[in-house]
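Taking it in order: structure first as structure tokens, then the write-up.
The values are calculated or read from the model by the stated rules, or taken from the named source; none is laboratory data. Here the structure is a predicted model, which means the values were calculated and not measured. In this analysis, Cβ positions are derived from the backbone assuming ideal geometry, glycine residues included, and neighbour counts consider all displayed protein chains. The protein model used for the area step is the full one, side chains on, heavy atoms only, and it has no ligands, DNA or RNA in it. Shrake-Rupley method; radii C 1.70, N 1.55, O 1.52, S 1.80 Å.
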Amino acid sequence: MLISYNWQRELTGTTLDPQELRERLTNVGLTVDAVEERDGDFVLDVEVPSNRGDCLSHFGIARELAVIERSKVQSPEYKVKNSRGKTADFATVEINDLDLCPRYAARVVRGLTIAPSPEWLVKRLEVLGQRPINNVADITNYVLHEFGQPLHAFDLAKLRLQRIVVRRAIEDETIRTLDGVERKLDSDMLVIADATRPVAVAGVMGGAESEISNATQDVLIESAWFSPASVRRTAKLLGLHTEASHRFERRVDPEGVISAQDRCVALICEIARGVATEDVLDFYPAPFAAGTAELRPERVAAITGLQVSRDEMLRILTALGFAISSDSAAKLAFTVPSWRHDVAIEEDLVEEVARHAGYEQIKTELPPGSLPGEYHSSERRNRALRKAMSAYGFNEAISLSFTELTEDFELIPDLAGSQQSPLRAVVLMNPIIEEASRMRQTMLPGLLNSIRHNFNHGSRDVCLFETGRVFSVTEPGELPLEREAFALVATGGAMIANRAQADRELDFFDLKGSLESAVAAMNLPPLDFESAAIKHLRPGQSAAVSIRGTRVGSIGRLAELLASAYKFRQPVFLAEVDLSTLLEIEELPVLYSPLPRFPSIVRDVSLLVDRKVTVAELLRAARDEKVEHFVDAHFVGTYEGEGIPDVKRSVTLRFEYRADDRTLRDEEIDEIHRPLVESLKAKFNAEVR
């Protein structure tokens with residue numbers, strides 16, 4: 001926002017030169033990007049934070065400057081000197097949508113003369129980059145820069161039946177705006193209409209049909225408070241970003257509507273020689289209720305480390321417009337001014353004090369902790385997971401939390417809901433990016449976009465993982481359900497350290513092993529995998545992931561339709577699990593035992609089993625036998641091909657045996673091993689190869 005230095009001198013009597021002013025405003029959080037000399041004045045380009053709509057005016061900046069220099073803002077005197085008649089005798093106002101327009105004020109000025117503005121007004125607007133139009137339009141623009149309250153002047157004769165109706169537009173209704181463009185409206189946009197048609201897009205731009213011209217004699221001056229969300233949506237959809245919409249989007253002062261209008265009407269009567277009505281049609285059914293906030297003086301030092309006296313706190317806050325309502329030894333209570341919608345709690349008051357006491361005075365020091373190096377209870381396991389994935393050759397990705405449609409992906413169970421009551425995506429009312437209008441329900445689209453980005457840059461061997469929050473909601477408007485998720489994708493060749501090229505292609509089991517290693521690093525029970533039909537995975541190469549009987553996610557190869565949609569020409573393997581569920585599971589106890597004194601004996605056996613029998617089932621059955629001196633069973637490999645029926649496969653397992661008090665003999669091992677193998681043969685209808 002552009003600010004005139006000479007105008008600030010009139011309002012505050014500042015003794016700071018433009019560069020000093022730039023530095024002091026920047027130090028209180030109003031960054032001045034540049035200072036430029038223009039026509040005997042200096043223009044400051046102030047970067048106003050989005051929550052400080054009160055500073056989008058010369059008065060707002062002057063208020064901050066007066067606190068800095070311990071001075072006062074000199075408000076100009078304005079009074080309508082020539083008034084006659086009641087506004088209701090010349091115009092009527094009707095508000096149909098109070099939710100989008102809580103306040104609307106109208107006042108009529110008659111018998112004025114449209115002419116070029118006086119030199120002082122033209123110069124003031126031109127310094128701020130504003131093109132002068134005529135005296136009435138220039139006055140509304142001048143008051144906008146002065147008060148921060150947008151105003152609009154309608155040619156009263158062009159309003160049919162001299163009537164104003166504040167309503168939502170009719171679907172596909174059109175209006176030609178002041179820039180000469182015909183614009184189509186939708187039923188969620190607020191318009192200012194006369195008896196039959198829209199004459200302005202509320203809070204954004206006026207219409208050409210009611211524009212002030214040289215023939216205009218009577219005008220209706222509008223001053224209103226429009227819903228910020230409504231104005232932002234309308235301006236974005238219409239591609240119109242105006243000085244008015246910029247301020248309405250950031251909230252104008254609801255209690256400043258009439259004072260800005262009075263200032264505008266007084267200037268019109270003075271410069272354009274008009275006669276104003278004596279009163280204002282002010283529709284304000286639910287007046288603004290001032291909020292309160294309390295401050296315990298010791299909290300300023302506790303939060304910021306700044307040592308600020310009680311008197312200085314009072315000076316800063318009262319100068320900023322906070323009226324003290326209660327003063328006790330323990331705390332101060334303030335009434336929040338209507339223009340400060342960003343202040344509601346004690347920490348907000350602390351911030352106001354800290355801004356003007358000096359951010360640069362805050363010293364750098366470590367915050368106190370109850371324990372040295374203390375982490376969140378889940379942080380240790382999260383760090384272990386990341387280290388394990390990094391050791392496995394995966395890179396960590398960070399994707400945008402907003403995404404496009406995700407109907408093609410199956411969600412983790414706790415985020416999908418049930419068939420009777422499915423959960424929905426959280427849809428953003430005003431998305432930053434039109435193509436990313438929902439909060440993500442799964443992290444897989446973000447990772448697949450990263451894979452595609454790598455492919456487009458010539459990298460075909462990619463392994464990525466990501467942890468983060470995913471969201472769903474039961475009904476629109478309710479607070480969303482949030483879960484931590486862990487997802488990983490892998491494609492291309494298996495890269496080995498110090499090798500320029502991959503020795504082989506990655507497959508399902510590489511990803512499965514990575515996921516199992518990550519869970520093992522978190523010191524959790526092993527995962528179980530069961531063949532299942534997953535929406536986004538290829539049939540026959542997909543599995544449901546469970547832990548202790550609870551399903552937590554899925555793993556497999558990306559389905560052909562999705563692979564084609566992403567234009568992938570090589571297999572992509574992906575998995576996603578509910579990290580929140582994993583973190584809720586109690587860690588396995590870490591058990592210590594002395595190293596074995598005697599060697600172990602191993603026996604390998606190859607079993608010919610049905611293809612539907614999984615290795616996990618074989619290993620689980622072997623361990624459940626609880627054979628004497630049995631240590632563990634391990635998977636060695638499988639064989640399918642010549643000499644093996646198509647419906648069978650050969651699975652080789654390795655069994656380990658050891659005694660704590662002696663070295664076992666072959667005869668003893670045979671007596672233990674043979675019954676175990678026979679048990680597996682009987683249970684799975686297997687043959688020994």
TODO: Sort out which residues of the stretch 518-534 are open to solvent by 40 Å² or more (accessible area, probe 1.4 Å) and closer than 23 Å to Arg383 by Cβ, and write them in order of number.
DONE: Ala520, Ala521, Asn523, Pro526
Open item on the list: Which residue is surrounded by the most Cβ atoms within 10 Å (Cβ to Cβ), if the candidates are limited to the stretch 566-587 and must be assigned to a helix (DSSP H, G or I) and in contact (Cβ under 8 Å) with a residue 40 or more places away in the chain?
Closed with: Leu579
TODO: Return the total of residues in the stretch 522-544 being within 17 Å of Ala485 (Cα to Cα) and either basic (Lys, Arg) or touching a Lys or Arg at 6+ places or on another chain (Cβ under 7 Å) (or both).
DONE: 2
TODO: Only one of these is of a type outside the set (Gly, Ala, Ser) and under 30 Å from Arg273 (Cα atoms): Leu185, Leu220. Name it.
DONE: Leu220
TODO: Just give me the residues in the stretch 589-615 being closer than 26 Å to Asp528 by Cα, open to solvent by 50 Å² or more (accessible area, probe 1.4 Å) and outside any strand (DSSP E or B), in sequence order.
DONE: Pro589, Val590, Leu591, Tyr592, Arg611, Lys612, Thr614
TODO: Considering each of Ser650, Ser679 in turn, give the residue that is among the hydroxyl-bearing types (Ser, Thr, Tyr), in contact with a Phe, Trp or Tyr (Cβ under 9 Å, 6 or more places away or on another chain) and over 22 Å from Arg597 (Cβ atoms).
DONE: Ser650
TODO: Might you let me know whether the stretch 625-640 holds any residue that is farther than 27 Å from Asp528 by Cα and not β-branched (Val, Ile, Thr)?
DONE: no
TODO: May I ask you to list the residues in the stretch 122-136 that are open to solvent by less than 20 Å² (accessible area, probe 1.4 Å) and either farther than 20 Å from Gly60 by Cα or among the charged types (D, E, K, R) (or both)?
DONE: Asn134, Asn135, Val136
Task: Selection count, the stretch 588-611, where residues are without any contact (Cβ under 8 Å) to a residue 40 or more places away in the chain and not small (Gly, Ala, Ser) - done: 6
Open item on the list: Restricting to the stretch 544-553, give me the number of residues that are in contact (Cβ under 8 Å) with a residue 24 or more places away in the chain and open to solvent by 10 Å² or more (accessible area, probe 1.4 Å).
Closed with: 3
TODO: Mind telling me which of the residues Ser230, Ser223 ends up being buried (at least 24 other Cβ atoms within 10 Å of the Cβ), outside any loop (DSSP other than H, G, I, E, B) and modelled with pLDDT of 95 or more?
DONE: Ser223
- [ ] Answer yes or no as to whether Glu642 is open to solvent by 90 Å² or more (accessible area, probe 1.4 Å), farther than 22 Å from Thr614 by Cβ and touching a residue at least 24 places away in the same chain (Cβ under 8 Å).
- [x] no
Open item on the list: Given (1) surrounded by fewer than 17 Cβ atoms within 10 Å (Cβ to Cβ); (2) modelled with pLDDT under 85, identify the lone condition not met by Ser459.
Closed with: (2)
Task: Where Leu537 falls short, out of the listed (1) touching a Gly at 6+ places or on another chain (Cβ under 7 Å); (2) open to solvent by 40 Å² or more (accessible area, probe 1.4 Å); (3) closer than 29 Å to Leu405 by Cβ - done: (2)
Open item on the list: Could you check the stretch 464-503 and list, in sequence order, the residues that are open to solvent by 30 Å² or more (accessible area, probe 1.4 Å), over 30 Å from Met429 (Cβ atoms) and without any contact (Cβ under 8 Å) to a residue 40 or more places away in the chain?
Closed with: Ile496, Ala497, Asn498, Arg499, Ala500, Gln501, Asp503
TODO: Pick out the one residue from Arg469, Arg499, Arg460 that is of a type in the set (Lys, Arg) and under 20 Å from Glu576 (Cα atoms).
DONE: Arg469
TODO: For Ser546, indicate whether it is part of a strand (DSSP E or B) and closer than 16 Å to Val519 by Cα.
DONE: yes
TODO: Scan the stretch 442-477 for residues that are part of a strand (DSSP E or B), farther than 22 Å from Asp414 by Cα and in contact with a Phe, Trp or Tyr (Cβ under 6 Å, 6 or more places away or on another chain) and report the count.
DONE: 1
TODO: Check Ala91, Ala115 and return the single one that is closer than 25 Å to Phe283 by Cα and touching a helix residue (DSSP H, G or I) at 6+ places or on another chain (Cβ under 7 Å).
DONE: Ala91
Open item on the list: For the stretch 129-191, give me every one of the strands (runs of 3 or more DSSP E) that falls completely inside it and has 1 or more residues that are farther than 26 Å from Asp41 by Cβ, at pLDDT 95 or above and under 31 Å from the mean Cα position of the chain (by Cα).
Closed with: 163-168, 182-184
- [ ] Starting from residues that are of a type in the set (Asp, Glu) and over 24 Å from Val219 (Cβ atoms), keep the ones in the stretch 163-205 and report whichever is surrounded by the most Cβ atoms within 10 Å (Cβ to Cβ).
- [x] Glu173
TODO: Look at the stretch 380-394 and say how many of its residues are open to solvent by less than 70 Å² (accessible area, probe 1.4 Å) and basic (Lys, Arg).
DONE: 1
Task: Criterion: of a type in the set (A, V, I, L, M) and closer than 18 Å to Phe154 by Cβ - qualifying residue of Ala244, Ala293, Ala301 - done: Ala244
Task: Any pair with Cβ under 6 angstrom, 6 or more apart, that starts in the stretch 281-301 at a residue that is touching a residue at least 40 places away in the same chain (Cβ under 8 Å) and over 30 Å from Lys86 (Cα atoms) and ends at one that is open to solvent by 80 Å² or more (accessible area, probe 1.4 Å) and not β-branched (Val, Ile, Thr) - done: Glu294/Lys331; Arg296/Lys331
- [ ] Considering each of Glu249, Glu243, Glu211, Glu255 in turn, give the residue that is within 22 Å of Leu112 (Cβ to Cβ), at pLDDT 95 or above and open to solvent by 10 Å² or more (accessible area, probe 1.4 Å).
- [x] Glu211
